[in-house]
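**Q** This is the structure, below, for whatever I ask next.
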Amino acid sequence: MTQISRLLPVVSVLSLFLISCSKNEKYFSENIQSANEITKARSSVLNSDGSSAKLLQGFNKMGFLFSESCLEGGESVLPKGIEKSIVDFSDNLKESDFRKVLNIGISATVPVKGVDISPEIKYAREASATKLSRTTTYSVYVRYGEHKITPKEGNIYKLKAGLEDNFNNSGKLENAYNFIKKCGDEIITSQRLSAKILLTMKLNFDSQKVLNDFQSKIGVSVKDVLTKQERIGINQNLKLLNEDTKKQIYLNVYGFQLGGDPTKLASVLTTKVSCRLDKIEECQPFFDRLNQYASDDFVKQLSVKDVNTWAIESSSTVEYDELNIANHNGVKLDFALTHDINTMEQLSRLKSDVSHAISKQIDNYTLANSLMNVKYLAEDEKNGIDNILTLSHTNIEMLQAFSSQCYVNLVDCLNNSSAKLTSLVSQYDETLLEPNIGELIAKIRSNNAPLSGQKERSSEDFIDFSKVIEKGKYSSFYFKVKNIDNNLIRNANARFDLKCNKPWYKGYDPVLFASIHPNYEVLTDTVTMNYNFNCAGQEAVYVANPKDIVEKDFIVEIWGRE
């Protein structure tokens, strides 16, 4: 038996309450921004057209392609009743935790074509805890149980009309290619039905100092200030924070629903209120509405008499041979492709190799899809990521086509199969697939030589590192170098310095960092130490001494990673 899970195309509803402010200095951003699993639930199997697979639907295991429903004589057996309900709070879930909960990019079970996973990615990214934010996620999980199929009469299934032509009079499968292309080599026999709602309360802190003050007085859990009697609400612990600290903490709320009618949650999350912590009382009516929705409205959307009100959490498949399937003469059908042990082992390995190859392409497609939403990418980065989207999608289709064509001549397919798989996969630049790409902090246009009247300076002042360091948002910084057409300069020999602009009466400007090259990365602790020692922790910074940069003008960007 095979357990399969896939992403269910659902409505994701997101609500962002306070818009963070940013200051600009050339370009200078100051954006406000227990890994317990909520459940181990997985989403449903999907067809290539994005609709949920059904009981008795065929499945091509090698290519993870769903085909037609080829059996008849099955009877649907619903769960006897609700198996369990879980209400829980989970603190500080990371993006990776949400991706596990939503089954994004962790297996070869998500067909790309026709499946829009951007809402899930958006929720996983925006609702996750970061270096300067803390979260608690209120989850309600209701498991209906296993929806199964059993044969109606005589414990026997029948093939649908016309399919027996693929078998000889003895019931042996002769045209494996036609049958598997139409029906797959496995079949769905049961599905776990469930429903889930996630409500994430995210506190964003203006700086590390504010976060430290919060944690010293409250602790690490948002639950200690935003829950009351195991419901969303204002906790009396909030009184432990002074008013100045509260003014520097902002609340964002995000919601996601599987099962029921997710559009109703969207209507709840359209409310716009000020949710700064010093005015948190204004949010209580909204919290009350969220509690009512999660505990009452959401549950009422679910019906034990209507399977369509439930999400398909996972599906189980079996090979056709494991079922009792007979032809119209009552002869049991034999679906075995071969009875040779070595060939069976080779086929099993090939199925594993193809599924892993598809899995990698799906992961790359998913990551590239999320990177397309990153602001301020270079044009060639965008083009490269778009190329990954195109080629990874094509690779998936080629591998899936191979998995189908393999059954035309199984012996030939298994011969030198590794080389065949390699030849099918188009290569692309995987160095662009950086999951923690960070965000742009500052940028400046510079000459490739010192400015007129300057000995070393080639740009204006463009960043005050003291503000970035004080915020404490980033773990490291790295540098991109671009031409004025917004394409990356990849010359490994390109170099420049960063210098601090000391007042003239204090002597020469000291070097903050020397011989910086494209993609040079430095830890925040090192930046802090150098900046405090060389720049007195207060001077603005400029570009100096550019070398081996052929462009007359170029752009230096500083990016921060959390």
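Every number in this text was worked out from the coordinates using simple rules, so none of it is lab data. From a predicted model like this one, the values you see are computed outputs, not experimental measurements. Because the Cβ atoms are built from the backbone with ideal geometry, glycine has one as well, and the counts that use them run over all protein chains shown.
**Q** State the Cα centre-to-centre distance between segment 132-176 and segment 389-454 in whole Å.
**A** Computed from Cα coordinates, the inter-centre distance equals 34 Å.
**Q** May I pose another question? In units of 2.2 N^0.38 Å, what is the alpha-carbon radius of gyration of segment 343-432?
**A** 1.28
**Q** Further question: Mean separation of Cα pairs under 8 Å and 6+ residues apart, divided by the residue count of segment 458-526: what relative contact order is that in percent?
**A** The value is 38 percent.
**Q** List His356, His339 from most exposed to least, where exposure is judged by having the fewest other Cβ atoms within 10 Å.
**A** His339, His356
**Q** Pull up all non-local amide H partners of Glu83: gap of 5 or more, or a different chain, and H-to-H distance under 5 Å with H placed in the peptide plane.
**A** Arg143, Tyr144, Gly145
**Q** What order do you get for Lys499, Lys375 when you list them from fewest to most C-beta neighbours inside 10 Å?
**A** Lys375, Lys499
**Q** A follow-up question, please. Round to a whole angstrom and tell me the spacing of the C-alpha centers of segment 347-384 and segment 213-284.
**A** 36 Å
**Q** Going by amide H atoms built from the backbone, whose H comes under 5 Å of the H on Lys61, apart from near neighbours?
**A** Placed amide hydrogens put Asp185, Glu186 under 5 Å from Lys61.
**Q** Going through the cross-link list Lys84/Lys158; Lys122/Lys217; Lys122/Lys420; Lys382/Lys443, which pairs have a Cα-Cα distance over 26 Å in this structure?
**A** In this structure, Lys84/Lys158; Lys122/Lys217; Lys122/Lys420 lie more than 26 Å apart at Cα.
**Q** Got a sec to turn the phi values of segment 388-395 into Karplus ³J(HN,Hα) couplings, 6.51 cos²θ - 1.76 cosθ + 1.60 with θ = phi - 60°, whole Hz, x for Gly and Pro?
**A** Values, residue by residue: 5, 4, 5, 6, 5, 5, 5, 4 Hz.
**Q** With 10 angstrom as the radius, rank His393, His328 by how many other C-beta atoms surround their C-beta, starting from the fewest.
**A** Exposure proxy ranking, most exposed first: His328, His393.
**Q** At 0.890 mPa s and 25 °C, plugging the Kirkwood radius over alpha-carbon pairs of the chain into Stokes-Einstein gives what diffusion coefficient in µm²/s?
**A** Rounded to a whole number, D works out at 90 µm²/s.
**Q** Using modelled backbone amide H atoms (1.01 Å from N, in-plane), which distant-in-sequence or interchain residues come within less than 5 Å of Ser190's amide H?
**A** Ser316
**Q** So what's the back-of-envelope 222 nm ellipticity for the chain, counting only DSSP H runs of four-plus at -39500 (n - 2.57) apiece and dividing by all residues, rounded to 500?
**A** -8000 deg cm²/dmol
**Q** Where nothing but the Cβ of Lys and Arg (+1) and of Asp and Glu (-1) is charged, how large is the charge dipole of the chain around its Cα centre, in debye to the nearest 20?
**A** 1200 debye
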